[in-house]
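Each remark here refers to the structure printed beneath this line.
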Amino acid sequence: MASLRSFLQCNFDILRKTFVILFVNVRDALNQAMDEELERDERVFLLGEEVAQYDGAYKVSRGLWKKYGDKRIIDTPITEMGFAGIAVGAAFAGLRPICEFMTWNFSMQAIDQVINSAAKTYYMSAGFQTVPIVFRGPNGSSAGVAAQHSQCFAAWYGHCPGLKVVSPWNSEDARGLLKAAIRDDNPVVFLENEMMYGVPFELSEEMMHKDFVIPIGKAKVERQGTHITLVSHSRCVGFCLDAAAVLAKEGVECEVVNLRTIRPLDVDTIEASVMKTGNLVTVEGGWPQYGVGAEICARIMEGPAFNYLDAPAVRVTGVDIPMPYAKILEDHSVPQIKDIIFSVKKVLNM
């Protein structure tokens, strides 16, 4: 009996280790990326509300304070403009800060530092002063937190020259793009999604390597298709893949493009996909007016892919209202899989 118990325990440990290697949730992927970059470069440090002793409001910085101490993992007062300004000043001085906002909704308190201080300095100094800083935190709608905590800032920050704006979907994106952002000499706005933190994704051995980075500004085709292109970012990429799986049973093959980066926008990948399929639907959690989908549609309209369209492009977005608190209204205010399926069938005249 003892030998059998030992045999089972041994095999369980092997399976557990294999699972940890193969499947990593988005929260842990972000944590690993910061840990490895903190270890790699002593100029990197993290600051924000509750990032240190409390291990982060969403536990993304779990364990980092115990490992690196007060000088590298810094708890700040509840003053976004203050600690964002400190982070920008540190970047001016040659450090590489990671500035966490507990939610991007609170970045409105610090938008002057993000735009006027960080984004514009490299240009205004004629290329003399780089600003190697990452602003990161949860973006987009969450669950049951109402209007002041549930908006997508991809279009807000994607509008501003001088910034790079990143919007990861899965653990691969989170790990590879955050490492690239920390190593970049430009200010990077890193838009995570609270609803994705606990979702596990498979990572290969290559993706787990300490020097695995994903180039900022390059989209990824997550699913090959021939009938219609679905372009999305962040959590809505998963919705597109789910919709594509449903539509495949009806003979419709959707190509799903994960933007990964909002600015710079990988127009080449989008155009190549549209020229292949002849149809386009964009999907995002943000509001429709002046949104990411609107920009994509304009780029297609102005470029060579327009001549390949068989029907007008369609946008699937959040509803053009502040987020309601009631769950049933909240569900109707953000894109659902059924909305994507409906739009695809509309474009294909099904």
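Just a few scattered comments:
- Segment 241-288-segment 111-145 distance, computed between alpha-carbon centres (Å): 28
- With 0.36 nm allotted per residue and the present C-alpha distance subtracted, the Lys345-Ile78 stretch has 91.4 nm of extension available.
- Estimated FRET transfer efficiency (Leu329, Lys66; beta-carbon r; R0 45 Å; 0.05): 0.60
- Accessible surface ranking that places the most exposed of Glu36, Glu194 first, with a 1.4 angstrom probe: Glu194, Glu36
- Cα gyration tensor, segment 226-293 - rounded (a/c under 1.5), prolate or oblate: oblate
- Distance from segment 157-203 to segment 33-53 (C-alpha centre basis), Å: 16
- Rg/Rh (Cα only; Kirkwood hydrodynamic radius) as it applies to the chain: 1.00
- Segment 214-350: projected area of the alpha-carbon convex hull, averaged over directions, in nm²: 8.2
- Overall form of segment 102-216: oblate. Here a/c, set by the Cα gyration tensor axes a ≥ b ≥ c, is 1.5 or more, and a/b is not larger than b/c.
- Between Pro288, Pro324, Pro77, the Gaussian network model of the chain with springs among Cα atoms under 10 angstrom shows the greatest mean-square fluctuation at Pro77.
- Modelled FRET efficiency - R0 35 Å, Phe106 with Glu253, Cβ distances, 0.05 increments: 0.25
- When DSSP beta bridges are restricted to pairs lying wholly in the chain, around 20% turn out antiparallel.
- The phi-based Karplus calculation (6.51 cos²θ - 1.76 cosθ + 1.60; θ = phi - 60°) puts the 3J(HN,Hα) values of segment 254-265 at 9, 9, 10, 10, 8, 4, 6, 10, 8, 9, x, 8 Hz, whole numbers, x for Gly and Pro.
- Cross-link partners for Lys338 among the lysines, with Cα-Cα distance under 23 Å and sequence neighbours closer than 8 places in the same chain left out: Lys249, Lys327, Lys346.
- Ranked order, Cys240, Cys160 - accessible area, probe 1.4 Å, largest first: Cys160, Cys240
- Helical runs assigned H by DSSP (4 residues or longer) give the chain a calculated mean residue ellipticity at 222 nm of -11000 deg cm²/dmol, each run adding -39500 (n - 2.57) before division by the residue total.
- DSSP assigns beta bridges within segment 220-318; of those with both partners inside it, close to 20 percent run antiparallel.
- Alpha-carbon centroid distance for the pair segment 54-90 / segment 311-336, whole angstrom: 34
- GNM top mover of Glu37, Glu250, Glu172 - the chain, alpha-carbon springs below 10 Å: Glu250
- Residues His159 and Glu42, FRET efficiency given R0 of 30 Å [Cβ-Cβ distance, rounded to 0.05]: 0.30
- Ranking by accessible area, most exposed first, for Trp65, Trp169, Trp156, Trp104 with a 1.4 Å probe: Trp156, Trp65, Trp169, Trp104
- Segment 24-208: C-alpha gyration tensor shape, a/c 1.5 cut-off, then a/b vs b/c: rounded
- Sorting the segments 255-267, 142-154 by their residues' average number of neighbouring beta-carbon atoms within 10 angstrom, most packed first, yields 255-267, 142-154.
The values are calculated or read from the model by the stated rules, or taken from the named source; none is laboratory data. The shown structure was predicted, so the numbers you read here are calculated from the model rather than taken from an experiment. With ideal geometry, Cβ positions are generated from the backbone for all residues, glycine too; neighbour counts draw on all protein chains shown. Accessible surface areas use protein heavy atoms only, side chains included; no ligands, DNA or RNA. Shrake-Rupley method; radii C 1.70, N 1.55, O 1.52, S 1.80 Å.
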